[in-house]
Amino acid sequence: MASVVPVAKAISLCDHHVGYRDGKVDLYGLFNAIRPQSGYPYTRGRFCLFAQLINGLGPVPFFVDIRSAETDELVWTTEVRQLQFPDRTTVVQVALSIEGCRFDRPGLYVLELFCDNTWVCDTQVLLR
C-alpha cells in the first residue's frame, strides 16, 4: 500500500499528556512561552508535542525539528518514527516527548512536524 501524507487538525505543546483506551487525551500545562528561572543557555527537561492528524494512509514516517525563527538554525530533531493510518478517515493522535532540548538564547522557536519528509504543520514557542 502506498502511503499518503496526512494533514493536521491540531498541534499543541504541553508539560504532560495522558492517553486513554477510549481515544480521549488529557493535556496538562498547555503553553506557548517559556520563561526560564535562570539564564541561557537553557535546557528544558521535558515537554510534549501533541498533534491530531487525518487523511493519511498506510505507514508514514515522521519527525519533528525545532528551529530558531530568527536564524533558521536547527536546535533539535527527533528520531524518525512511524505512524499507521488504516484509512483516510482515521484520526491519528501523536504525543511526542521531547527531553533535554537546549535553547542557547531567548527568542521565537518553531516546532515543525514532517511526515514522509514533507512539512505538515508547525507551532511556535517564545523563550523570554
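The values are calculated or read from the model by the stated rules, or taken from the named source; none is laboratory data. This one's a predicted model, so the numbers in the text were calculated from it and none came from an experiment. Cβ: placed from backbone, ideal geometry, glycine included. Neighbour counts: every protein chain shown. Heavy atoms of the whole protein, side chains included, go into the accessibility calculation; ligands, DNA and RNA do not. Shrake-Rupley method; radii C 1.70, N 1.55, O 1.52, S 1.80 Å.
Between residue 81 and residue 99, the contour length at 0.36 nm per residue exceeds the alpha carbon distance by 4.9 nm. Close amide H pairs (under 5 Å, H built 1.01 Å from N) link residue 56 with 7, residues at least 5 positions away or on another chain. Per residue, the chain exposes 55 Å² of accessible surface when a 1.4 Å probe is rolled over the protein heavy atoms with every protein chain present. Placing a label point 7 Å from the Cα of residue 90 along the Cα-to-Cβ direction, the residues of the stretch 14-30 whose backbone N falls under 20 Å from that point are 19-25.
Expressed in Å, the radius of gyration and Dmax of the Cα atoms of the chain are 15.1, 50.
From the Cα gyration tensor of the stretch 8-80, with a ≥ b ≥ c the square roots of its eigenvalues, which class applies: rounded if a/c is under 1.5, or else prolate if a/b is larger than b/c, or else oblate? Since a/c reaches 1.5 but b/c is at least a/b, the shape of the stretch 8-80 is classed as oblate. Accessible surface of the chain, 1.4 Å probe: 48 percent of it comes from carbon and sulfur atoms.
A protection proxy built from the mean count of other Cβ atoms within 10 Å ranks the segments 47-56, 95-104, most packed first, as 47-56, 95-104. Summing charges over neighbours of residue 109, with a neighbour being any other residue whose Cβ is under 15 Å away from its Cβ, gives -1 when K and R count +1 and D and E count -1. All other residues whose Cβ lies under 14 angstrom from that of residue 58 are scored, Lys and Arg at +1 and Asp and Glu at -1, for a net of -1. Within the chain, antiparallel bridges make up roughly 95 percent of the DSSP beta bridges whose residues both belong there. Summing charges over all other residues whose Cβ lies under 14 Å from the Cβ of residue 29, with Lys and Arg as +1 and Asp and Glu as -1, gives +1. In order along the stretch 4-14, the Karplus-derived 3J(HN,Hα) couplings, from 6.51 cos²θ - 1.76 cosθ + 1.60 at θ = phi - 60°, round to 10, 5, x, 10, 9, 8, 7, 8, 9, 10, 8 Hz, and Gly and Pro are given as x.
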